[in-house]
Amino acid sequence: SPTADDVYGHGTHVAGIITAEDNGIGIIGVAPGYRLLNVKVADDRGRCDVSNLAEGIVWAVDNGADVINISIEIEESTLELEEAVQYAWDNGALIIAAAGNSGSQEPVYPACYDSPISVAAVTEDNRLAPLSNRGEWVDLVAPGYKIYSTFPGDTYEYESGTSFAAAHVSGIAA
């Protein structure tokens, strides 16, 4: 049955990169002490319906989000998603969006819309990560390869992807 908990671990990893507090054991996030609104739009296996994502963006804006991290890639644009992203922009919320992990130049949404900051991933030696999407629609690169962060069950793990690059930029934006 669906749960509000992060069973998949993706959101916990992203949240740690952004705001983890120094506990003397794991990591310190880019912006420790900042308040997070955790909005679960994906199912327990990490799959996301575009309508849920659009509703989550609007909910975050309506509940005071200034920066919205979207570590999700959608292959096709929908009017509902485009309107939600525009709603965020019109209400002063900045969206930071992952560029996607298929190693291609094909745009993904919402990253390739005009208002979000789209983020690709680089390795520790500042090279584009092999999995990272790329293209003129990408705005920035950030660390996204073998990133150590929080994980469910009071643990820590390494993960790679543009989701984690976007989390670094979201922390800076915060």
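The values are calculated or read from the model by the stated rules, or taken from the named source; none is laboratory data. Model, not experiment: these values are computed from the prediction. Positions of Cβ are backbone-derived with ideal geometry, glycine not excepted, and every protein chain shown enters the neighbour counts. Quick note on the areas: whole protein, heavy atoms, side chains included, nothing else; ligands and nucleic acids left out. Shrake-Rupley method; radii C 1.70, N 1.55, O 1.52, S 1.80 Å.
A few notes on this one:
- Selection status of GLU82, part of a helix (DSSP H, G or I), open to solvent by 40 Å² or more (accessible area, probe 1.4 Å) and not aliphatic (A, V, I, L, M): yes
- Residues of region 39-79 satisfying the condition of being of a type in the set (S, T, N, Q), under 20 Å from ILE172 (Cα atoms) and either part of a strand (DSSP E or B) or open to solvent by 60 Å² or more (accessible area, probe 1.4 Å) (or both): ASN69
- Region 150-174, subset assigned to a strand (DSSP E or B) and over 14 Å from the mean Cα position of the chain (by Cα), residue surrounded by the most Cβ atoms within 10 Å (Cβ to Cβ): THR150
- Any hit, region 17-38, residues being in contact with a strand residue (DSSP E or B) (Cβ under 9 Å, 6 or more places away or on another chain), open to solvent by less than 20 Å² (accessible area, probe 1.4 Å) and either among the β-branched types (Val, Ile, Thr) or within 20 Å of TRP137 (Cβ to Cβ) (or both): yes
- Unique match (being open to solvent by less than 30 Å² (accessible area, probe 1.4 Å) and not charged (D, E, K, R)) among PRO116, PRO107, PRO143: PRO116
- Residue in region 9-30 that is charged (D, E, K, R) and closer than 29 Å to THR155 by Cβ present: yes
- Across region 119-131, not a single residue is classified as of a type in the set (Ser, Thr, Tyr), in contact with a strand residue (DSSP E or B) (Cβ under 7 Å, 6 or more places away or on another chain) and open to solvent by less than 30 Å² (accessible area, probe 1.4 Å).
- Restricting region 63-80 to residues that are of a type in the set (Asp, Glu) and within 16 Å of the chain's Cα centre (by Cα), the residue that is farthest from SER132 (Cα to Cα): ASP66
- Taking residues in region 45-68 that are at negative phi, and partners anywhere that are open to solvent by 70 Å² or more (accessible area, probe 1.4 Å) and among the aromatic types (Phe, Trp, Tyr), the pairs with Cβ atoms closer than 8 Å and at least 6 places apart or on different chains are ARG45/TYR8; ILE57/TYR87; VAL58/TYR87; VAL61/TYR87.
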